[in-house]
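Quick note: the coordinates plus some simple rules give every number you see, no bench work behind them. Bear in mind the structure is a predicted one, so any value in this text is a computation, not a measurement. Backbone-built Cβ (ideal geometry, glycine too); neighbour counts: all protein chains shown.
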Amino acid sequence: GKPKWPRGDEKAWKEAMRDVDTDTPSITRSIVSHVQTSLARQAYNLDDFGAYQAAALSVRDNLILNWNETQLGYTKREPKRAYYLSLEFLMGRTLDNALLNLGLKDQYKDGVKQLGFNMEDVLEQERDAALGNGGLGRLAACYLDSSASQELPVWGYGLRYRYGIFQQLISPEGNQLEAPDPWLEMQNPWEASHLPVLQHARLDIFLPPQLPRLDVTYEVRFYGNADRLPDDSGRALWHGGQEVLAVAYDVMIPGCYTRNTNNLRLWESKPKRGFDLNSFNAGDYERAVESSNSAAAITSVLYPNDHTTFGKELRLKQQYFWTAASLQDILRRFKNMDKPITDFPEYVSIQLNDTHPTLAIPELMRILIDEEELSWNTAWHIVTNTFFYTNHTVLPEALEKWPVPLMEHLLPRHMQIIYDINLFFLQAVERKYPGDRDRLGRMSLIEEGFPKHVRMAYLACIGSRKVNGVAELHSELVRTTILKDFVEFEGISKFGNVTNGITPRRWLDQCNPELSALISKTLKLEKSVWLKDLYKLKDLLPFAEDPHFRKEWAAIKQRNKERLAQHVKTFLGLEVNTKAMFDVQIKRLHEYKRQNLNIFGVIHRYLAIKKMTPEERKKLNPRVVFFAGKAAPAYYIAKLTIRLIVNVARVINADPDTKDYLSLYFLPDYSVSVAEILIPASDISQHISTAGTEASGTSNMKFCLNGGLLVGTVDGANIEIAEEVGENNVFFFGHLAPAVEELRYQHLYHPVPIEEKCPALANVLNQVSGGLFGDGSVYEPLLSTIRQGDYYLLSDDFDSYIAALAMVDEAYLDNTEWVKKSIRTTANMGKFSSDRAINEYAESYWNLEAIKVPTTSNFLTG
Ligand code: OX2
């Protein structure tokens, strides 16, 4: 029979297995106990960092219990599960978010205060987990928060990079310099260990590299040979090559005001054996460690390019390593339920976050055919009902393509499978469109050329149940441009839209606590209610007419501006005029996002102010412009834009004629936690991509949720924001998406000199060339992207951009009306909660049901 469980006295177990107490005395006791034992430190020499670590460990105790309970609950109920595969999770800090979601912020604040610490300072000690580049990675983080908060059984799968996105430094000349981001260097208390004995061991022996889930490891093969079996089974034997080990690290994802705590599983690569014994024994020590180093290298660093693909072998290795480990883990969990393998899609949905995890499609085929011995058709049926593919861009340079020779070398069996998928697929296309060879060439998974390439977006598309874009316009562009042939072939119903969302927990409650409190007070609702039903914000609308409410609203904005000014003072040593309008553009540097347009607009304004008399100037309302964002290290033009911004700032901030009316700051090392300070402080923010290029944008939502108004093009989610908040509350400008193709054609074949087409912009460019901001020749490569070709249409949109900014100035003069706009904007942002978005995925795609973990139970009584 089964061994008796629990061992020993059941009453003793039950008595001992109480939940963590959350009154302030218990919290201080728990913190101090972590100081004394986990950290092996003493009260008299405890600093802010030690207090942060102890508080984090104490909160982690809470999370671990909830997390265990949740996983046990899921296992017992055997629900359908969904998995979000993302190469990036841009989580930011964890402690504040965990405290808010657990509803324990006030108790911990009191607790640390009693111990002599200030909560704000303690929270500041935490390093961001910056395992992502930008919007795509932050979206994944918001979706994890929403999945847990909506009590959906969703796990994330990613890689545990030793180095996240690089740290950005700015040289004296204004150049971006990159330094490594060793986010794990200080121990990371947010990973669960399956080695409970270590939880109370000394700090230095549970530094993260020694914190593996040793019980959760898988082998992953690279290279070698794939030999088809000599029968007609279609199977093959893949053997030889390199084998590496994937080790799991788990990150707990607490839901908001629920016990449900989901899991983000990150894989780390490790050599299968410490080193090669044969070489070691033969005295070839270098050779002996070489292979172990190459295994560890796989998860060493996040690739810092977004929107470009490079065809680098290590990147392909990352992608396969991660999808192979995740699929083995998912299959093992499925098999624990003892269901027939053909039921797999009834129990598992896998969302592919862009094409990065597309190898999961041939990998699952390989497992089902070669290991489970299913027929091709049965396997393909399972695969095409399991996967869902989200596209995040239509920019051609961002569409992943892998050289066939590289694929054949690294993943020989997968390349065979891809060729087979392609053959069956093209045969079906030929049946539907007999003789249409152009179409076959266009739709083939293999792009002809020297070398040939595998088109990953096409593979993701035909291997998935549904394909979606991330905002209405973008999804329409996916259907009518990059996947047009596939829509014709497979039918439109496969191609949907899920407009992105953001979590209001981090992007309102956490980053703007005063506004959150005002909203709760005004709506007479607990924040636990409206934060999980963001449409409730609508009830703020009538208060736009209430002068007292407006005053409170405006005062909070003002204090957030002062908080930002304090940050700039601390980190840059510069004074910011907090009476001015705050105008913010923060995002990755990219030509399509047009930070250039913004900086040229700033120069234009500067030149205009220079020309004014002192009396005229006095009538201006002062403006402070903030930029922040990183450029990919190899993106020359983007880096030159940073240099221009920094040098323009240097000149105009020092000009006594203008500095009271216009100033400019480039905040280095943009991150999630810097965004949390900038966003609540904005009066306006800029989202000014060339129409049709920004799939969605998500910071636009964050600014508007915090009552900042939007200046933008008719692009991405800007359009849907305007639909919700009303066109009179946004400042739109520029050409529309359908005009872009024609404008580009004109630029190429009927170019008009910029002096004629847009004299205002020509003048700005000439001032830059002429050396107003330092040696003009430095900027020639950047300026010539606009003078020649102007692919992103600055010369077409500049005049209407300047006009839109003038409208902003005019609107700002009427303070009452401005504050009303701000309130109405926030009030109408309900749609953009990531809860709405994740529920759309759960209902329309995954067919997933929520599972609530009971609040009072433990794994003995539950
Ligand atoms: C970004 C898109 O550029 C952005 O518009 C979108 O809001 C975000 O993904 C989340 O959907 N890499 N990053 C993106 O696309 C790619 C590719």
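Among the GluC sites (Glu not before Pro) found in region 154-188, those both in a DSSP coil and sparsely packed, with 13 or fewer other Cβ atoms within 10 Å of their Cβ, are Glu173, Glu185. In this rough spin-label picture, where each label sits 7 Å from Cα along the Cβ direction, the Lys452-Glu372 distance is 2.8 nm. For Ala555 and Asp775, the FRET efficiency from 1/(1 + (r/R0)^6), where r spans their Cβ atoms and R0 equals 45 Å, is about 0.50.
For region 559-635, what is the number of Lys pairs with C-alpha distance below 13 angstrom, counting only pairs 8 or more positions apart or on separate chains? Lysine pair count for region 559-635: 5.
Just so you know, the Rg over Rh for the chain is 0.97, from Cα atoms, with Rh as the Kirkwood radius. Residue by residue, region 791-808 carries 3J(HN,Hα) couplings of 4, 9, 6, 5, 5, 7, 9, 4, 4, 6, 5, 4, 5, 5, 5, 5, 5, 4 Hz when phi is fed to the Karplus relation 6.51 cos²θ - 1.76 cosθ + 1.60 (θ = phi - 60°); x denotes Gly or Pro.
For region 383-477, GluC sites (Glu not before Pro) meeting the loop criterion (DSSP other than H, G, I, E, B) and having at most 11 other Cβ atoms within 10 Å: Glu448.
The residues packed around Glu545, meaning those with a beta-carbon under 11 Å from its beta-carbon, carry a net charge of +2 if Lys and Arg are +1 and Asp and Glu are -1.
Going by neighbour counts of Cβ atoms within 10 Å, the residues Glu363, Glu219, Glu756 line up, fewest first, as Glu756, Glu219, Glu363. For the pair Tyr791 and Thr816, a Förster radius of 56 Å applied to the C-beta separation gives a FRET efficiency near 0.85, rounded to the nearest 0.05.
The residue list Tyr745, Val711, Leu783 was ranked by how far each Cα lies along the charge dipole of region 686-828 toward its positive end, using unit charges on Cβ atoms, and Val711 comes out on top.
Assigning unit charges at the beta carbon (Lys, Arg +1; Asp, Glu -1) and nothing else, what dipole magnitude in debye, to the nearest 20, does region 504-826 show about its Cα centre? Here region 504-826 has a charge dipole of around 1120 debye. The magnitude of the dipole of the chain, with charges of +1 and -1 set on the Cβ of Lys/Arg and Asp/Glu and taken from the Cα centre, is near 1220 debye. As a rough footprinting exposure proxy, the listed residues Thr570, Thr355, Thr481 were ranked by other beta carbons within 10 Å of their own, and the order from fewest upward is Thr570, Thr481, Thr355.
Dipole check for region 606-685: with +1 at the C-beta of Lys and Arg, -1 at the C-beta of Asp and Glu, and the Cα centre as origin, the magnitude is about 260 Debye. Label-to-label distance, His750 versus His548, with points set 7 angstrom from Cα along the beta-carbon direction: 6.3 nm.
State the answer as a single residue: which of Ile721, Leu736, Val648 lies farthest towards the positive end of the charge dipole of region 504-826, with beta carbon charges of +1 for Lys and Arg and -1 for Asp and Glu, about the Cα centre. Value: Val648. Full extension of the segment from Ala282 to Ser233, taken as 0.36 nm per residue of separation minus the current Cα-Cα distance, would add 13.4 nm. Taking label points 7 Å from Cα along the Cα-to-Cβ direction, Arg650 and Ser784 give a separation of 2.4 nm. Straight-line cross-link reach from Lys14 at under 17 Å between alpha-carbon atoms covers these lysines, not counting any fewer than eight positions away in the same chain: Lys4.
Kirkwood hydrodynamic radius for region 504-826: how many Å is it when counted over pairs of different Cα atoms? By the Kirkwood definition, the hydrodynamic radius is 20.4 Å. At what distance in angstrom do the alpha carbon centres of region 384-409 and region 788-862 lie from each other? Computed from Cα coordinates, the inter-centre distance equals 28 Å. Computed from the C-beta positions of Ile341 and Leu541, the FRET efficiency with R₀ = 56 Å rounds to 0.60. Taking 0.36 nm per residue of separation and subtracting the current Cα-Cα distance, fully stretching the chain between Thr522 and Glu219 would add 103.5 nm.
Straight-distance candidates among the lysines for linking to Lys852, with alpha-carbon spacing under 21 Å and chain neighbours fewer than 8 residues away dropped: Lys76, Lys80, Lys527, Lys532.
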